[in-house]
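Worksheet for the structure shown next.
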Amino acid sequence: MEPRRSVALVVTALLAAATPAVASTDPAAPTLRTEKVFFHCSGGANNKLQNTEVAQGRIPTWNTTAPTTSFTAGGGCGHYDNILSSSAATRPTDAQWAGTFTGNLDRLTLELHRLLPTSGASLPNRITLEVLVDGVSEFTGPVNFTTTASSSGASHSTFITLDKIGLAKEPGDGTKARTVQVNVASFNETQSAWVFDASEVPAGIEFNPAATKGVVVQ
């Protein structure tokens, strides 16, 4: 081999070794799309008591539009909840929301708002929570949580994260439309109300949030 050619090969080899490898982006790798949705009153804000809607099979749903009307301007509605709903079984006395999310799903965070219970206020904050995806229960059980008072003190908010759902296997963000239902039942309170669809109480769900928030269940 000629000396000049040999030197050229050595230089080429050294340059190749010194060049960092560029990681390839695999379009087939699953990714997680984040989406925030807000609960809205079934039958419109004029129907303040959502129990009657659920009893007739019209479960409140959600979309990505945040509520802008305040309670004082006539916005919002609520779901009256009492000790009769102390089971995870779906009943008209349970607060319920149902809708869809498209794509891979591995985590969701519920943002819930409630009016203070009129009795039993000294009892722990505890609910029976059920989350179903495509009719399959991803979580069912009691949840103890903490609350934060609103500026007026009339309502309290809480966050509950369901982690490691495990439905994240489609390429990219995924295209499967998933049906999601959330049921919330009072556990020990005599009576309270879960309120939503008003600017003061922007209750809803964040799908695939970057981090967990509030109490975490799996």
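Can you pull out every residue in the stretch 125-139 that is part of a loop (DSSP other than H, G, I, E, B) and more than 17 Å from the chain's Cα centre (by Cα)?
N125
Filtering the stretch 142-165 down to residues that are within 18 Å of Q96 (Cα to Cα) and hydrophobic (A, V, I, L, M, F, W, C), which residue is farthest from the chain's Cα centre (by Cα)?
That would be V143.
Scan the stretch 202-211 for residues that are farther than 14 Å from T158 by Cα and in a strand (DSSP E or B) and report the count.
Residues in the stretch 202-211 being farther than 14 Å from T158 by Cα and in a strand (DSSP E or B): 1 in total.
Pull up the stretch 94-139, narrow it to residues that are at pLDDT below 95 and among the β-branched types (V, I, T), then point me to the one that is surrounded by the fewest Cβ atoms within 10 Å (Cβ to Cβ).
Result: T118.
Can you pull out the residues in the stretch 35-76 that are touching a residue at least 60 places away in the same chain (Cβ under 8 Å) and either farther than 15 Å from T100 by Cα or polar (S, T, N, Q) (or both)?
C41, A45, A66, P67, T68, T69, S70, F71, G75, G76
From the set of residues in the stretch 166-194 that are open to solvent by less than 20 Å² (accessible area, probe 1.4 Å) and under 16 Å from the mean Cα position of the chain (by Cα), which is nearest to T68 (Cα to Cα)?
Checked the stretch 166-194; the qualifying residue nearest to T68 (Cα to Cα) is W194.
Of everything in the stretch 140-165 that's open to solvent by 40 Å² or more (accessible area, probe 1.4 Å) and in contact with a Gly (Cβ under 8 Å, 6 or more places away or on another chain), which residue is farthest from L105 (Cα to Cα)?
Step by step, filter the stretch 140-165, then rank; the result is T146.
Identify, from the list A185, A203, the residue that is at pLDDT below 95 and not hydroxyl-bearing (S, T, Y).
A185
The values are calculated or read from the model by the stated rules, or taken from the named source; none is laboratory data. Because the structure is predicted, anything quoted here is derived from the model rather than measured. Cβ sites come from the backbone with ideal geometry, for glycine too, and all protein chains shown count toward neighbours. These accessible areas exclude ligands, DNA and RNA; they are computed on the full protein's heavy atoms, side chains included. Shrake-Rupley method; radii C 1.70, N 1.55, O 1.52, S 1.80 Å.
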